[in-house]
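> One structure, pasted below without further comment.
The values are calculated or read from the model by the stated rules, or taken from the named source; none is laboratory data. Because the structure is a prediction, the values reported are computed rather than measured. Cβ placement follows ideal geometry from the backbone for every residue including glycine, while neighbour counts extend to all protein chains displayed. Accessible surface is based on the protein model in full, side chains and every heavy atom, while ligands, DNA and RNA are left aside. Shrake-Rupley method; radii C 1.70, N 1.55, O 1.52, S 1.80 Å.
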Amino acid sequence: MSKALTFISAILILTLIGIFVCYILYFSFDFPYQDDVTLLEFINTTKNTPWNWSDFFQALFRVDNDHSIVIPRLVTWIDYLLVGQVNFQHLIWLTLSELILILYLLYRLFKRQKLHLVYFIPVAFLWLQPQYHEVSNWAITGLQHGHVTLFLLTSLYLITEDKAYALTWSIVLAFFASFTFGNGFIVFIALAYVYLLQKNWKNAFIIGICLLLFFAFYLQIYHMGQAVKFHWNIKHILLSFLGFIGASAMEFPKIGLVLSWFIGFIVVSIFTIFSIDHGKFNLKNKDQGTYLGILTFILFSAGLIALVRSAEHYTIYSRFQLYASLSIIIVYLHMLLHSHKRYHNILLIGMLLYSIPFYGLSYFNHSIAQQYQKMSFIADRINWKNNQTILSVSSGFLMNAKPILLEAEKKRIYSMNHPWKDPLEQSKTLSITELSIPIQAKEYKEIMQQKHATWLNHYYWLEFQQFPFSSGIKKQWFMILKPTNKINHSYILPIQFALNGKKNFLSMENYRADYGSIRINHESLKSGIYKLYLWNLDTQLPSSKNALYALKQIIQVDSQLHTLVLK
């Protein structure tokens, strides 16, 4: 093919990388989101004088919720040593670098097939998108799944390239993966499977012994977490298993779930067919061996997660959809490997017809959640500074996280200070317009049942059907709760707009609809009567110049009765 096509392909791939990097950098925010506080807890525990190595290693290898997260803790500790404080945005940037490095490793595998660069374009579309935003924009999940995937690809690349000391290094990387996240030990299984297909019984036996050694050590420190719930609902297990593998299809409206099951079935079928083919006829085909190793890891991960996370319903989490994208990529590269050149263009066109709409829908479907999450983090910083509370999470989680955050601030391990001036404190210089918006308060109660605990997740939504101002994507609208007793500080909550319809969006309407809601975890508020204000925050302007509107409604919170009343 022509050099011009190579140049165009390279520019397109680099453009997709640039868009992805800018997207992550824009939506990332230095904030300990939910499980991130376990990383702070590790630094809190080990920052002792005098230094105690016993305490350090005990905290380093402690199992949290079924996972031994040694590598994420070490990375956080190194960041703390280098910077002097834990910075979660640094950790997200590291994950971003790893995701780009994973794309490069996929390119190295693709390059071994000696195909034109244009055939790699669908891989870039499938990988560089926000469907798995819980990995790309959440520090702890990024450190977990990013590292595991990187260790997997690197170890398989080493053994199929017959590099010097490949077996030794692959075992080391498998141990690293095993101490990164719960499914990391499956890297051992993937390596052993490749050796078994190659009929290399010796190396497969060595890998198996190393896996047993890992479990022998792991069982000494393991205790079952609260999220694990084994069950034998075969329908849920099977459909969650297939849906997990084909979850990239969830971006497509109406047909997403059924299509994900179908894609999952296709991936399992291709894996089975080519495993038989490799074991009988293609022992030395290093490309096929690598692809089968990756699919082995994905299938075992899907089965494990379906078994322990699908007790009541089908389970597809954003953080695991990274593997769904990877499964489509590997099947595509596998089909290029085993098809005649005259069919390559058909495969390319077919994958572009799938990957380009998927890419666009992924950004369309998830950007609104990313913006809302960032607004929640901004509000949480303000609420923590004013009231030592975080309103984006349930009161139960706040109770667990609060002492960790307070200790981290006391030891100067982490700071959530945010430059913000309450616009209500400057209200004398502001012209506050009074308005009335039809708002309904709806109560939600959800019984949370996990293995070792049951609790009530109780909160309210303030819902509105017609917002009187622009809901454009650049507008960051918040609701301020001002106590009437003038003793307590104000609270701030982000307004969550609904996603506008695709037809409306394409006809040049707003990306966000003009209706939405405000979630209030009222049990984290102090009792009292609160006046309500709408505030349009523009971070490029001083707070005093942002628009402020007073609502005619008020809310009354009773922390003893656990109620919220809108008047």
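> Roughly how many Å² of residue 98 are accessible to a 1.4 Å probe, to the nearest 10?
Accessible area, nearest 10 Å²: 10 Å².
> Here is a follow-up. Excluding ligands and nucleic acids, what accessible area in Å² is computed for residue 392 using a 1.4 Å probe, to the nearest 10?
About 40 Å², rounded to the nearest 10.
> Also, I was wondering about something else. Between 0 and 90 degrees, rounded to the nearest ten: what's the tilt of helix 88-111 against the longest Cα principal axis of the chain?
30 degrees
> Taking a 1.4 Å probe, which of 55, 287 shows the most accessible area, and what order do the others take after it?
From most accessible down to least: 55, 287.
> Cut-off under 28 Å on the C-alpha distance; same-chain residues fewer than 8 positions from residue 3 excluded. Which lysines are left, in chain and number order?
111, 114, 341
> Enumerate the calculated ³J(HN,Hα) couplings along the stretch 36-46 in order (Karplus 6.51 cos²θ - 1.76 cosθ + 1.60, θ = phi - 60°), each rounded to whole Hz, writing x wherever the residue is Gly or Pro.
Those phi angles translate into 4, 5, 5, 5, 5, 4, 5, 5, 4, 5, 8 Hz.
> Hey, another quick one. Would you mind calculating the relative contact order of the chain from Cα pairs under 8 angstrom and at least 6 residues apart, reporting the percent as a whole number?
13 percent
> At 222 nm, what helix-only mean residue ellipticity would the chain give, in deg cm²/dmol to the nearest 500, using -39500 (n - 2.57) for each DSSP H run of four or more?
Helices in the chain give a 222 nm mean residue ellipticity of -17500 deg cm²/dmol.
> Using alpha carbons only, how many degrees (0 to 90, rounded to 10) separate the axis of helix 344-387 from the longest principal axis of the chain?
40 degrees
> Enter the angle in degrees (range 0 to 90, nearest 10) between the Cα long axis of helix 147-160 and the first principal axis of the Cα atoms of the chain, meaning the one along which they spread out most.
Computed tilt is about 10 degrees.
> Suppose we keep just the DSSP beta bridges with both residues in the chain; what percent of those would be antiparallel, to 5?
Taking every DSSP beta bridge with both residues in the chain, the antiparallel ones total about 95 percent.
> How much space per residue, in cubic angstrom, does the convex hull of the C-alpha atoms of the stretch 47-87 take up?
Spelled out: Cα convex hull of the stretch 47-87, divided by residues, is 75 Å³.
> Give the Debye-formula value of log10 I(q)/I(0) at each listed q (0.07, 0.08, 0.10, 0.13 Å⁻¹), with one equal scatterer per alpha carbon of the chain, two decimals each.
-0.47, -0.61, -0.94, -1.45
> Something else about it: In whole Hz, with x marking every Gly and Pro, tabulate ³J(HN,Hα) for the stretch 120-137 from phi via Karplus 6.51 cos²θ - 1.76 cosθ + 1.60, θ = phi - 60°.
Running phi through 6.51 cos²θ - 1.76 cosθ + 1.60 with θ = phi - 60° gives 8, 4, x, 4, 5, 5, 6, 8, 8, 8, x, 4, 9, 5, 5, 8, 6, 10 Hz.
> How large is ³J(HN,Hα) for each residue in the stretch 16-22, as worked out from phi by the Karplus curve 6.51 cos²θ - 1.76 cosθ + 1.60 (θ = phi - 60°), to whole Hz, x for Gly and Pro?
4, 5, x, 4, 4, 5, 4
> Here's a follow-up. Put 416, 335, 351, 399 in order of accessible area, largest first, 1.4 Å probe: what do you get?
399, 335, 351, 416
> Counting just the Cα atoms, what span does the stretch 1-123 cover along each of its three principal axes? Round to the nearest Å and put the largest first.
Sorted largest first, the three principal extents are 65, 30, 26 Å.
> Taking all protein chains as present, what is the carbon and sulfur share of the accessible area of the chain, in % to the nearest whole number, probe 1.4 Å?
Of all accessible area on the chain, carbon and sulfur atoms account for 62 percent.
> Continuing with the same structure: Quote the accessible area belonging to residue 22 in square angstrom, nearest 10, computed with a 1.4 Å probe and with ligands, DNA and RNA left uncounted.
Around 90 Å² of this residue is reachable by solvent.
> Same structure again: Which net charge results for the neighbourhood of residue 528, defined as the other residues with beta-carbon distances under 12 angstrom from its beta-carbon, given Lys and Arg at +1 and Asp and Glu at -1?
For residues surrounding residue 528, the net value is +3.
> Once you list every other residue whose beta carbon is under 13 Å from the beta carbon of residue 348, what net charge do they have if Lys and Arg are +1 and Asp and Glu are -1?
Summing Lys/Arg as +1 and Asp/Glu as -1 gives +2.
> How many Å² of accessible area per residue for the chain, probe 1.4 Å?
That works out to 46 Å² per residue.
> In terms of modelled amide H atoms, which long-range or inter-chain residues lie less than 5 Å from the amide H of residue 513?
Here 498, 499, 500 satisfy the definition.
> What Rg and what Dmax come out for the stretch 327-379 when only alpha-carbon atoms are used, in angstroms?
Cα-based Rg and Dmax for the stretch 327-379 come out at 17.3, 56 Å.
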